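S.K.: One structure coming up, written as structure tokens, with questions to follow.
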Amino acid sequence: MITTVAADFRALLPHGGRLIGLDVGTKTVGTALADAGWSYASPAILIRRTKFTADKAAITALMTQQSVVGIVIGLPLNLDGTDSPRTQSTRAFARNMDDLGLPILLWDERWSTQAVERQMIAEDISRAKRAERIDKIAASYILQGAIDALMMG
């Protein structure tokens, strides 16, 4: 089941268990993992996009290895909250992941990349290293926002 409501997503999850966060871009998919107690999210791997079946296989392998029980996908809404072509593409990506049988939460990611970029600049990380890390760190930021909401609800 795919939802945009944290409480609905939580109701579909077992009590605890690892979650995966995905920042779906046109060239890469950044991934992050939450601990089983939903305390913190950590960047995981960066998947270079090729064909969807290969992308899905790489994500599924990580999810199986980490015993993931739920998926959080960053939803790139326009600043006014409306859908964009990227939003529609991300919704299609989520629908194509739905057959894995795990609950999927589409989480508003409007400010994730900018927030992560600002933090990396503040930490004086070079432009090249920022480009290499930003998607998986953005996935971590998205996932942390979602697990914070899960713990409050």
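S.K.: Are there any trypsin sites (Lys or Arg not before Pro) in the range 1-71 that are in a DSSP loop and have at most 12 other Cβ atoms within 10 Å? List them by number. Show your work: numbers first, answer last.
M.R.: Numbers: sites: Arg10, Arg18, Lys27, Arg48, Arg49, Lys51, Lys56; in loops: Lys27, Arg49, Lys51.
Those satisfying the criteria are Lys27, Lys51.
S.K.: What value in Å³ per residue do you get for the convex hull of the alpha-carbon atoms in the range 1-57?
M.R.: Numbers: hull volume 5.9 nm³, N = 57.
In the range 1-57, the Cα convex hull volume per residue is 104 Å³.
S.K.: Further question on the same structure: Hey, got the dipole for the chain? About the Cα centre, +1 on K and R Cβ, -1 on D and E Cβ, debye to the nearest 20?
M.R.: Details: 17 positive and 16 negative charges, 102 e Å.
So the dipole magnitude of the chain works out to roughly 480 debye.
S.K.: Something else: What 222 nm value per residue comes from the helices of the chain, counting each DSSP H run with n ≥ 4 as -39,500 (n - 2.57) and dividing by all residues, nearest 500 deg cm²/dmol? Intermediate values should be presented prior to the final figure.
M.R.: Working: 5 runs with 71 residues, N = 153.
One gets -15000 deg cm²/dmol as the mean residue ellipticity at 222 nm.
S.K.: Distance in nm between label sites at Lys129 and Asn78, each 7 Å beyond Cα in the beta-carbon direction?
M.R.: So the two model labels end up 3.8 nm from each other.
S.K.: Further question on the same structure: Place a label point 7 angstrom from the Cα of Asp35 along the Cα-to-Cβ direction, then list the residues of the range 137-153 whose backbone nitrogen is under 15 Å away.
M.R.: 144, 147-148, 151
S.K.: So, with a 1.4 angstrom probe, what is the percent of accessible area on the chain that is carbon and sulfur? Show your work: numbers first, answer last.
M.R.: Numbers: 4220 of 7830 Å².
Percent of accessible area from carbon and sulfur atoms in the chain: 54.
S.K.: While we're here: Which loop chymotrypsin sites (Phe, Trp or Tyr not before Pro) in the range 1-87, with loop taken from DSSP, have no more than 14 other Cβ atoms within 10 angstrom of their Cβ? Spell out each step's value before the answer.
M.R.: Numbers: sites: Phe9, Trp38, Tyr40, Phe52; in loops: Trp38, Tyr40.
Here the chymotrypsin sites (Phe, Trp or Tyr not before Pro) that fit, given the DSSP loop and packing criteria, are Tyr40.
S.K.: Indicate, rounded to the nearest 5 percent, the antiparallel portion of the DSSP beta bridges found entirely in the chain.
M.R.: On the way: 12 of 24 bridges.
Roughly 50 percent of the DSSP beta bridges within the chain come out antiparallel.
S.K.: About the Cα centre of the range 81-145, what is the dipole size in debye to 20, counting +1 per Lys and Arg Cβ and -1 per Asp and Glu Cβ, all else neutral?
M.R.: 180
The values are calculated or read from the model by the stated rules, or taken from the named source; none is laboratory data. Given the structure is predicted, the values throughout are model-derived calculations rather than measurements. Cβ: placed from backbone, ideal geometry, glycine included. Neighbour counts: every protein chain shown. Surface areas here come from the heavy atoms of the whole protein model, side chains and all, with no ligands, DNA or RNA. Shrake-Rupley method; radii C 1.70, N 1.55, O 1.52, S 1.80 Å.
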